[in-house]
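Notes for the one structure printed next.
The values are calculated or read from the model by the stated rules, or taken from the named source; none is laboratory data. The structure displayed is predicted, hence computed values, not measured ones. Methodologically, a virtual Cβ is constructed for each residue, glycine included, from the backbone with ideal geometry; neighbour enumeration extends over all protein chains shown.
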Amino acid sequence: MTTVIGGSSPSITFSDSTTQSTAALPLTGGQLSGNLTFSTGTNGIVFNNSSAAINSTLNDYETGTWTPTLITDGTGATITYSSQLGKFTKIGNIVYVECEIGWTARSGGSGNVLVGGFPFGLTDSAVYGMRLGPFSFVAGTGMPTTPVLGYFTTPSSATAFYLYPTTSNTAVGSAAITGGGGLAFKGFYTCNF
Amino acid sequence: MTLASTTTIDRTEVLQDGSIQVRQAEIITKDGVEIARNFHRWVRHPGDTEAQSDPAPVPAIASAVWTSEVISAYQAAQAKP
């Protein structure tokens, strides 16, 4: 490792003769002007607080968008949307999501309704029946008047959840998607990757 | 000054049950130099017909990974309330 602070080409250089000749973190005005990039998806920052490095490694950060959808677990429905807005921030295996979804009409469809399209699959080790919510906004003539939770019934890589009123063990049926309505929520869950 | 935008699938991750996590990058360039990159994500589960309409390489990955055994195992694992 070579550290050169100052001069015409300030840099911090890590050398590894077996895999690369030079990797540098350039400095400009005393601050890093490059990115610290890891070569594989499993590498990251290892915090020295555990002998189990795999559980102490921060190896992912990402922000982006996703497209929330309404789906049914019976026959398919055709939904006319007025808005489909989703954002996410992933830190390690935690996915923080924001969602706003609005609709003006539904045709066809049977069974219960789910919100789908999540950006990452739910982790295999998540507690069965993990809930997300309650939602900050629920509107629509057919929607429950009590607070609503999102309910992942299948733990492995699920990307959609059922809607449950907090006062009932009965999932919201597709008939609730009628006329105009909307849902909005923020929350987080754990993912596999 | 020329601004341009291109989209590409820059990352795919195949989960243990065969689900494919897809990341699409929108790359903004100014005079040929990247100045911004935005991500949009979705997931395709074994048997999802929409995967065949996704940009490359998602259809090829789905065809390679989603054997009838993988699809059957995934569908069997799904629970309804």
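Observations, loosely collected:
- Every pair of residues 6+ apart whose Cβ atoms lie under 8 Å, when the first sits in region B:34-53 and is away from chain A (no Cβ under 11 Å) and at positive phi while the second is of a type outside the set (Gly, Ala, Ser) and in a helix (DSSP H, G or I): B:GLY47/B:ILE71; B:GLY47/B:TYR74; B:GLY47/B:GLN75
- Taken together, the criteria place A:GLY116 among residues that are surrounded by 15 or more Cβ atoms within 10 Å (Cβ to Cβ) and at pLDDT below 95.
- Considering each residue of region A:97-106 in turn, at least one proves to be at pLDDT 90 or above, of a type in the set (Ser, Thr, Tyr) and more than 14 Å from the chain's Cα centre (by Cα).
- Of everything in region A:140-166 that is away from chain B (no Cβ under 13 Å) and hydroxyl-bearing (Ser, Thr, Tyr), the residue that is nearest to A:LEU114 (Cα to Cα) is A:THR166.
- Identification of strands (runs of 3 or more DSSP E) wholly contained in region A:44-112 with 3 or more residues that are hydrophobic (A, V, I, L, M, F, W, C) yields A:77-91, A:94-108.
- Qualifying residue in region B:46-62 (condition: modelled with pLDDT of 95 or more, among the charged types (D, E, K, R) and touching a His at 6+ places or on another chain (Cβ under 9 Å)): no
- Search result, residues across region A:182-193 that are more than 24 Å from A:ASP60 (Cβ to Cβ) and surrounded by fewer than 21 Cβ atoms within 10 Å (Cβ to Cβ): A:GLY182, A:ALA184
- Condition check for A:LEU36: out of contact with any Asp or Glu (no Cβ under 6 Å at 6 or more places or on another chain), within 30 Å of A:GLY181 (Cα to Cα) and either at pLDDT 65 or above or among the aromatic types (Phe, Trp, Tyr) (or both): no
- Scanning region B:1-23 for residues that are at negative phi, within 9 Å of chain A (Cβ to nearest Cβ) and not basic (Lys, Arg) turns up B:GLU13, B:LEU15, B:GLN16, B:ASP17, B:SER19, B:GLN21.
- Among the residues of region A:167-193, those identified as under 20 Å from the mean Cα position of the chain (by Cα) and more than 14 Å from every other protein chain (Cβ to nearest Cβ) are A:LEU183, A:ALA184, A:PHE185, A:LYS186, A:GLY187, A:PHE188.
- Scanning region A:137-152 for residues that are aromatic (Phe, Trp, Tyr) and more than 24 Å from the chain's Cα centre (by Cα) yields a count of 0.
- Enumeration of residues in region B:60-81 that are more than 14 Å from chain A (Cβ to nearest Cβ), among the polar types (S, T, N, Q) and either part of a helix (DSSP H, G or I) or loosely packed, with under 12 Cβ neighbours inside 10 Å (or both): B:SER63, B:SER68, B:SER72
- The one condition in (1) more than 30 Å from B:VAL14 (Cα to Cα); (2) away from chain B (no Cβ under 14 Å) that A:GLY92 fails to fulfil: (1)
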